[in-house]
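Since the structure comes first, as structure tokens, the remarks are kept for the end.
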Amino acid sequence: MQVNPICKAPSLKIDIVCKTMKIAILSQQKSLYSTRRLMEAGEERGHDMHVIDYLRCYMNITAHKPKVIYQGEALEGYKAIIPRIGASKTFYGTAVVRQFEVMDVFSANESQAISRSRDKLRCLQILSQKGIGLPVTGFAHSSKDIDGLIESVGGAPLVIKLLEGTQGIGVVLAETHQAAKSVIEAFRGLDANILVQEFIKEAGGMDIRCFVVGDRVIAAMKRQGAPGEFRSNIHRGGSAAKIKLTPEERSTALRAAKAMGLRVAGVDLLRSNHGPVVMEVNSSPGLEGIEAATELDVAGKIIEFLEKSAGPGKNRDRIKY
Ligand code: ADP
Ligand code: MG
């Protein structure tokens, strides 16, 4: 069959037009490294990129005409959004993401998945249901249960965590039963929700951040805590370097992100004697540390993923919990 060169030309042109998308990054600050890199990566690929401060958006929830209004104008024509919702702004941030979903705009991570991942306990419950390796973890509220709670994770030494902590703040290592008891009592006195966890000593203050985009781990780094520090958080003085994952670590990270319904995720693992264990799954993983440690274009991979995946009817969270 002969190809008509005249017909071919316009279809090619349409192809190029279709590939250019209007993309919103939902972020509070243009100047943040991750936001800047996503802007750059999108623009390099010819997309129309916008940073939208989601706290300044308001929503119009009228039948058949859901809208997001920003700086006095309804936001229109967006093909995809990349939510970068701050941990303390989850409630309003996810409401804005949900509004875009109602408008059938593809979200790199859906609102439900973001809310789900923000609650450490919920996260662990879902991961355990899927049989993903986790440190033995306990959670309770009644102060009468303290001894039982400590014993249920194998006794001291153990790690106690505030349910809503980030950057290593609120993560305490209790070396003895008595110390554990005092810390739990103190947190309870503040009416804080806590997790009690088996201490993975053999991790030696190192954890592994696996950066998942779609169904691939696109980058991984190890973070090592400062000498004498069991927490590997960079904010606590840890340092990062790239690392090669084992096939088991890779598949654990992918399964964890999938279980949470996240398409873009930072899955944190510890190397334990009983294989990789997941500590947390982050829905707005930072780009600065991972790009510096691995020298990979992580922002570009996220944009490429949107190019492949965005489209009407593509938001599809089906997770029960
Ligand atoms: P945050 O959300 O504040 O970062 P994490 O649960 O990630 O809290 O804990 C912070 C760090 O503490 C981890 O990166 C890890 O290095 C260390 N850590 C946390 N839980 C354990 C554990 N059960 N065993 C050993 N180290 C742990
Ligand atoms: Mg952490």
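Read the figures in this text as sums done on the coordinates, not as results from a lab. Quick caveat, the model's predicted, so the values are computed rather than measured. In this analysis, Cβ positions are derived from the backbone assuming ideal geometry, glycine residues included, and neighbour counts consider all displayed protein chains.
How compact is the range 107-230 by the rule of thumb for globular proteins, expressed as Cα Rg over 2.2 N^0.38 Å?
Ratio of Rg to 2.2 N^0.38 Å for the range 107-230: 1.15.
Mind putting together the pair-distance distribution for the range 193-267? All Cα pairs, 5 Å bins, whole percent per bin, short to long.
Pairs per bin, as whole percents: 3, 16, 21, 20, 22, 14, 4, 0.
Mark the label point 7 Å from the Cα of K314 along Cα→Cβ and return the residues of the range 92-108 whose backbone N is within less than 19 Å of it.
Label zone hits: 97-108.
What is the log10 of I(q)/I(0) for the range 34-149, computed with the Debye formula using one identical point scatterer on each Cα and no solvent, at q = 0.18, 0.19, 0.23 Å⁻¹?
Those come out to -0.98, -1.05, -1.33, one per q.
Using the 10 angstrom Cβ neighbour count as an exposure proxy, how do C210, C123 rank, fewest first?
The most exposed by this proxy come first: C123, C210.
Quick one: Debye curve from the C-alpha atoms of the range 41-88, no solvent, what's log10 I(q)/I(0) at q = 0.19 Å⁻¹?
Per q value, in the given order, log10 I(q)/I(0) is -0.77.
For a protection proxy built on the mean count of beta-carbon atoms within 10 angstrom, sort 294-304, 219-229 highest first, please.
Taking the mean over residues of other Cβ atoms within 10 Å, the ranking is 294-304, 219-229.
For the range 197-275 and the range 100-128, compute the distance between their C-alpha centroids and round to whole Å.
Rounded to whole Å, the Cα centres lie 20 Å apart.
Mind ordering 170-176, 240-246 by average Cβ neighbours within 10 Å, highest first?
170-176, 240-246
Report Rg (one decimal) and Dmax (nearest whole number) for the chain, counting Cα atoms only, units Å.
21.9, 83
Sort E40, E291, E73 so the one with the fewest other Cβ atoms within 10 Å of its own Cβ comes first.
Ordered by Cβ neighbours within 10 Å, fewest first: E73, E40, E291.
Among the listed pairs K89/K244; K65/K130; K30/K130; K181/K320; K67/K222; K222/K308, give every one whose C-alpha distance is greater than 32 Å.
K89/K244; K65/K130; K30/K130; K181/K320; K67/K222
Using per-residue counts of other Cβ atoms within 10 Å, averaged over each peptide, order 231-238, 90-97 from highest down.
90-97, 231-238
So, counting K/R as plus one and D/E as minus one, what does the shell of residues with Cβ under 12 Å around Y33 add up to?
Local charge sum for Y33: +1.
When only C-alpha pairs under 8 Å and at least 6 residues apart count, what is the relative contact order of the range 160-311, in percent?
With pairs under 8 Å counted, the relative contact order is 20 percent.
Ratio of alpha-carbon Rg to the 2.2 N^0.38 Å globular estimate for the range 91-144, to two decimals, please.
Dividing the Cα radius of gyration by 2.2 N^0.38 Å gives 1.51.
Treat the count of other C-beta atoms within 10 Å as a stand-in for reagent exposure and order E164, E249, E110 from fewest to most.
Taking fewest neighbouring Cβ atoms as first place, the list is E164, E249, E110.
Please report the orientation-averaged projected area of the range 196-321, defined via the convex hull of its C-alpha atoms, in nm².
8.7 nm²
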